[in-house]
Amino acid sequence: MNATTLWAVLVPLSNDITTEEDYRPGWLLFALIMFLVLAVVVLGLSFRKQLRKADKHFLPPDGSGKGGMIGDSDSAGGEDRRD
């Protein structure tokens with residue numbers, strides 16, 4: 001089958017293509033979008049929960065309640081030595 005034969009078969013079939021007036025987004029698309037929005041909200045809440053767990057991990061052992069990274073001037077590790 002060459003390209004000319006294929007073209008001769010496919011061109012008459014293109015007359016059956018629907019127009020924009022025939023297309024209407026329905027309840028299925030609405031449900032899909034709502035599902036995706038719900039998934040983003042659930043993932044965001046889970047991410048926030050994990051960040052809170054990670055913040056508790058960085059609390060100093062003395063229990064002062066001031067969390068911080070190494071090198072922060074307020075942390076229990078000492079002075080900030082940045083040059």
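Stretching the chain fully between Asp55 and Phe35 yields a gain of 4.2 nm (0.36 nm per residue, less the alpha carbon separation). The slack between Leu45 and Thr4, meaning 0.36 nm per residue of separation minus the straight C-alpha distance, is 9.0 nm.
Since every read-out is calculated from the coordinates, none of them should be taken as a lab result. Since the structure is predicted, the reported quantities are computational estimates derived from the model, not experimental observations.
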